[in-house]
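Student: Let me give you the structure first, and then I'll get to my questions.
Computed from the coordinates by the stated procedures, all read-outs in this text should not be read as laboratory data. Here the structure is a predicted model, which means the values were calculated and not measured. Every residue, glycine among them, receives a Cβ derived from its backbone with ideal geometry; neighbour counts consider all protein chains shown.
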Amino acid sequence: MTGFSFETTPRILCEDGAALKLAEFLNGMGVTRPFIVTDAGLVGAGVVRPILDALNAAGVTAAVFSDVLADPPEASVMAAVAAARDAGADGVVGLGGGSSLDTAKLVALLAGTDQALPDIYGIGLARGPRLPLVQVPTTAGTGSEVTNIAIVTTPDDQKKGVVSPLLYPDAAILDATLTTGLPPRVTAMTGVDAMVHAIEAYTSRHKKNPVSDSLAVAALKLLHANIRRVIADGSDLPARRAMLQGSLLAGMAFANAPVAAVHALAYPIGGIFHAPHGLSNALVLGPVLRFNLPAAGPLYAELAAAIGLQPDAAAFVDEIAALTAEMPMEQRLSELGVEVQHLDRLAHDAMQVQRLLINNPREVTLADARALYEEAL
C-alpha cells in the first residue's frame, strides 16, 4: 500500500450516564427541534423516558418516532422520514440498535431533500445537505454510530445499502448503562456481529490500512475478552462498557476497510428468513473462516496472537467457532426454517452482493456460496 484515507465520526463521548447529556450536544449543533428515532421495545423498557426528561429539563422538546422495525423495510424508513418532516425537525437522534441508528441516518439525509430512497442504494449516490445527527447505541454490535452506511430491506427481501460520507454522524454517545438490560441472546448476536466486523476489516482485500488494522485488533481484543462475561452477567458494567468500545472500534475499522463474504452471505438469510443480522453473520462465520484459511491464514495467525493464542491460523478459526457455539442463540440455518431447497436462492442472492464479495480474501463462486450455506445448514 502506498497511501490510504480514513474517516470516522468526529466527536465521541464514552461515559456512563452520558445519554442524559444529549442536550449539550444538540445545543452545540444549534438543534432546537430534535427528532428521536427509536423502537417500541426501548420505549416499553423505560430506556427512552429518562432521556426525554433530561432533554425537557434542559428546555429541549423532542419528537419521538418509535416504530422502527428490525432490518428496516423501505416503508418503515420512509414513515420515519415523513414524521420528521411533519415535526419540523432540525436535527436527528438515533437511539437503539443498528436498525434505529441506520434509520436515523436516512431520516437525517432524506428529511430535507427530495431524493428517493431506491435511487441512492449503492456507493456515493446520496447528496446533501443532511440534518445534524447524533447516535446513541443501546447494543454493542453494529458500530453504526461510526460508519457511513445504512442497510435497508427492499420490498423483494433484498438487503441494500446506502453508502456515503454524508452518513457519518456528527457525534456518538456511548453509555454502557443503556446496555445492561439486554437479554443474553441479543447480547450474543450483537457481540458476534461486532467481532465479525473486526475480523473482516483486518482481512479485507481492499482498503486495508494501518489505522483500520490497529482498530480491528483493539476491537477484537476487547470483544473476545468480554463477550463471555456479559453473557454470564448482563449487569457487569465494566464488561458492557468494553463491549461498546469494541463495537465502536470495529465499526471505525470496517467503515474504512470494508467487510466481505460473511456479511454477503448473511444478508439473504436476514432478507428472506427475517433473522437478526448478528445471528445471520454468526451462522455462516465458521464456514467462511474455514473457507478463507488458504488465503487469509497469515492474517488469522496474527489475530490469534492478538487474543492470546499461539500464532496459528487454524487455532484462531477453532476458537472463534467454539466461542460462537457457546452463545445462547441458534446454531444452524435449519433452526430458522432453512431447507436444502432454499440454498440455491440464498447462493444466488449472496452473489448479488458483489460490493462485499470483492473484499473477501478468497474469491467466492456461486458453487462456493451454496457449499458454505450447506455447511451451515
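Student: How would you rank 81-87, 320-326, highest first, on the average number of other Cβ atoms within 10 Å across their residues?
Tutor: With the highest mean Cβ count within 10 Å placed first, the list reads 81-87, 320-326.
Student: Can you list residues from other chains, or at least 5 along the same chain, whose modelled amide H is less than 5 Å from the amide H of L377?
Tutor: Long-range HN contacts for L377: L333.
Student: Report the FRET efficiency, 1/(1 + (r/R0)^6), for S235 and A63, where r is their Cβ-Cβ distance and R0 is 41 Å, rounded to 0.05.
Tutor: Using R0 = 41 Å, I get an efficiency of 0.80.
Student: Here's something else I'd like to know. In 5 Å bins starting at zero, report the fraction of Cα pairs in the stretch 151-230 per bin as a rounded %.
Tutor: 3, 11, 14, 18, 24, 18, 10, 2
Student: Neighbouring Cβ atoms within 10 Å as the yardstick, rank L265, L13, L42 fewest first.
Tutor: Ranked by crowding around the Cβ, least crowded first: L13, L42, L265.
Student: Next up: With axes computed from alpha carbons, what is the tilt in degrees of helix 313-326 against the longest principal axis of the chain, rounded to the nearest 10 within 0 to 90?
Tutor: So the inclination is approximately 60 degrees.
Student: Still on this structure: Got a sec? How would L22, L343, L182 order by Cβ neighbour count within 10 Å, fewest to most?
Tutor: Least crowded to most crowded, the residues run L343, L182, L22.
Student: Need one number: nm distance between label points at R355 and A321, each 7 Å from Cα along Cα→Cβ, rounded to one decimal.
Tutor: Those two pseudo-labels are separated by 3.2 nm.
Student: If we count other beta carbons within 10 Å of each Cβ, what is the order of M327, M78, M195, fewest first?
Tutor: Sorted ascending by nearby Cβ count, the order is M78, M327, M195.
Student: If Lys and Arg each add +1 and Asp and Glu each add -1, what is the summed charge of the other residues whose beta carbon sits under 9 Å from the beta carbon of A63?
Tutor: Here the charged neighbours net out to 0.
Student: Ok, one more. Charges at C-beta only: +1 for Lys and Arg, -1 for Asp and Glu. How large is the resulting dipole of the chain about its Cα centre, in Debye rounded to 20?
Tutor: In debye, rounded to 20, the chain gives about 600.
Student: At a Cα cut-off below 20 Å, give the aspartates and glutamates reachable from K207, other chains included and same-chain residues fewer than 8 away excluded.
Tutor: E7, E302, E363
Student: Sticking with this one: How much of the pair distance distribution for the stretch 12-70 lies past 14 Å, counting alpha-carbon pairs only, in percent?
Tutor: That fraction is 56 percent.
Student: Once the convex hull of the C-alpha atoms of the stretch 223-377 is built, how many Å³ does it hold per residue, rounded to a whole number?
Tutor: Dividing the Cα hull volume of the stretch 223-377 by its residue count gives 111 Å³.
Student: Would you mind giving the three semi-axes, in whole Å and largest first, of the ellipsoid equivalent to the chain according to its Cα gyration tensor?
Tutor: 32, 23, 19
Student: Related question: What is the calculated FRET efficiency for T365 to A82, with r their C-beta to C-beta distance and R₀ = 45 Å, to the nearest 0.05?
Tutor: 0.60
Student: Okay, next question. List the GluC sites (Glu not before Pro) within the stretch 334-377 that fall in a DSSP loop (any state other than H, G, I, E or B) and whose Cβ has at most 13 other Cβ atoms within 10 Å.
Tutor: Qualifying residues, ordered by number: E339, E363.
Student: Here is a follow-up. In the chain, what % of DSSP beta bridges are antiparallel (nearest 5)?
Tutor: The antiparallel fraction comes to roughly 20 percent.
Student: For the stretch 59-206, report the translational diffusion coefficient in µm²/s to the nearest whole number, using Stokes-Einstein at 20 °C, 1.002 mPa s, and a Kirkwood Rh over Cα pairs.
Tutor: Answer from the Stokes-Einstein relation: 136 µm²/s.
Student: Could you give the length gained by full extension between N56 and Q115, i.e. 0.36 nm per residue of separation minus their alpha carbon distance, to one decimal place?
Tutor: 18.0 nm
Student: Multiply the residue gap between A295 and C14 by 0.36 nm, knock off their C-alpha separation, and tell me the result in nm, one decimal place.
Tutor: Extra length from A295 to C14 when fully extended: 97.5 nm.
Student: Please turn the phi angles of the stretch 143-153 into ³J(HN,Hα) values with the Karplus equation 6.51 cos²θ - 1.76 cosθ + 1.60 (θ = phi - 60°), one per residue in order, whole Hz, x for glycine and proline.
Tutor: Using θ = phi - 60°, the values come out as x, 4, 5, 9, 10, 10, 9, 10, 9, 10, 9 Hz.
Student: On a C-alpha basis, how far is the centre of the stretch 319-377 from the centre of the stretch 225-256 in Å? Whole number, if you could?
Tutor: 25 Å
Student: Just need the relative contact order of the chain here, percent rounded to a whole number, with Cα pairs under 8 Å and 6+ apart.
Tutor: 15 percent
Student: Can you pull the Kirkwood radius for the stretch 243-332, inverse mean 1/r over Cα pairs, to one decimal in Å?
Tutor: Evaluated over the stretch 243-332, this radius sits at 14.1 Å.
Student: How large is ³J(HN,Hα), in whole Hz, for each residue of the stretch 360-377 in order, when computed from phi with the Karplus curve 6.51 cos²θ - 1.76 cosθ + 1.60 and θ = phi - 60°, using x for Gly and Pro?
Tutor: After applying 6.51 cos²θ - 1.76 cosθ + 1.60, I find 5, x, 10, 4, 10, 9, 4, 5, 4, 4, 5, 5, 5, 5, 5, 5, 7, 5 Hz.
Student: Skipping prolines and chain starts, which residues have an amide H placed within reach, meaning under 5 Å, of the one on L174, given they are 5 or more residues away or on another chain?
Tutor: Answer set, sorted by chain and number: L13, C14, E15.
Student: Give me the net charge for the shell around D170: Cβ to Cβ below 10 angstrom, other residues only, Lys and Arg +1, Asp and Glu -1.
Tutor: +2
Student: Shape of the stretch 292-377 from its Cα gyration tensor (a ≥ b ≥ c, root eigenvalues): rounded if a/c is under 1.5, otherwise prolate when a/b > b/c, or oblate?
Tutor: Oblate shape, in that a/c is at least 1.5 and b/c is the bigger or equal ratio.
Student: Note down the nm distance, to one decimal, between modelled labels 7 Å out along Cα→Cβ at R332 and at R228.
Tutor: That separation, rounded to one decimal, is 2.5 nm.
Student: OK, next. So what's the Cα pair-distance distribution over the stretch 180-300, bin width 5 Å, in %?
Tutor: Spelled out per bin, shortest first, that is 2, 13, 21, 22, 21, 13, 6, 1, 0.
Student: Can you tell me how the stretch 281-340 classifies by the Cα gyration tensor, rounded, prolate or oblate, using a/c under 1.5 as the rounded cut?
Tutor: Judged from the Cα gyration tensor, the stretch 281-340 comes out oblate (a/c at least 1.5, b/c at or above a/b).
Student: Taking 0.36 nm per intervening residue step and subtracting the Cα-Cα distance, what contour gain separates H274 from A305 on full extension?
Tutor: This chain segment gains 7.6 nm when fully extended.
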